[in-house]
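One structure is given here, and the rest of the page talks about it.
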Amino acid sequence: MALPSYLKRTSFGTWHFRIKVPKHLVSVLGQTEIRRSLETTCELTATRRALILAEEAKQLFLSKTTGCDNDEWLPKRRIIKEKPELPEKTVEETTSISLSELIEMFTRKKVDDGAWTDLEFQGNLKMYQDLLGLLGDRPLSQYTARGMVK
């Protein structure tokens, strides 16, 4: 039996769900495709999980296309998340954010994009907390190469 086109296996053996967002919805959803780790190396389990995600994606696309956001049929814990609206920041605002804010934005993007599993998120979060402990939490503009040497 052929695998669905939205089911992909990584070189590490983990299965992932990947489906393209229709062109007319890219600006609405803020992404060209939806990717999620299925967090399994079992093909049968991955196929079952991917079928659920595919149905959720199709319903999401349909509701955004028709403007009907009746999503009562969806499970309470959605697997497909819409991108949050992030305010545009100027260069000055970006350099005035703190290291902890930058880490929060980065880790949130990785999780939202499905690039990290829960286990990867926890490991990376610990590493970033250790980094904050070493460097301190200051505005990015205050970090310099000379300051790192001290």
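Tabulated data for the structure shown
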item	result
Pairs where the first residue, in the stretch 1-26, is closer than 18 Å to Lys64 by Cβ and the second is in a helix (DSSP H, G or I) and among the hydroxyl-bearing types (Ser, Thr, Tyr), C-beta under 9 Å, 6+ apart	Pro22/Thr65; His24/Thr65; Leu25/Thr65
Among the residues listed as Val21, Val91, the single one being of a type outside the set (S, T, N, Q) and either surrounded by 14 or more Cβ atoms within 10 Å (Cβ to Cβ) or at pLDDT 85 or above (or both)	Val21
Residues of the stretch 1-31 that turn out to be more than 18 Å from the chain's Cα centre (by Cα), more than 14 Å from Ala50 (Cβ to Cβ) and hydrophobic (A, V, I, L, M, F, W, C), as a count	1
From Asp130, Asp137, residue being of a type in the set (D, E, K, R), surrounded by 10 or more Cβ atoms within 10 Å (Cβ to Cβ) and in contact with a Leu (Cβ under 6 Å, 6 or more places away or on another chain)	Asp137
Enumeration of residues in the stretch 108-139 that are touching a strand residue (DSSP E or B) at 6+ places or on another chain (Cβ under 8 Å) and modelled with pLDDT of 80 or more	Asp137, Arg138, Pro139
Some residue of the stretch 70-85 being out of contact with any helix residue (DSSP H, G or I) (no Cβ under 6 Å at 6 or more places or on another chain), modelled with pLDDT under 75 and aromatic (Phe, Trp, Tyr)	yes
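The values are calculated or read from the model by the stated rules, or taken from the named source; none is laboratory data. These numbers come from a predicted model, not from an experiment. When we count neighbours, we look across all protein chains shown, and the Cβ atoms used for this are built from the backbone with ideal geometry, even at glycine.
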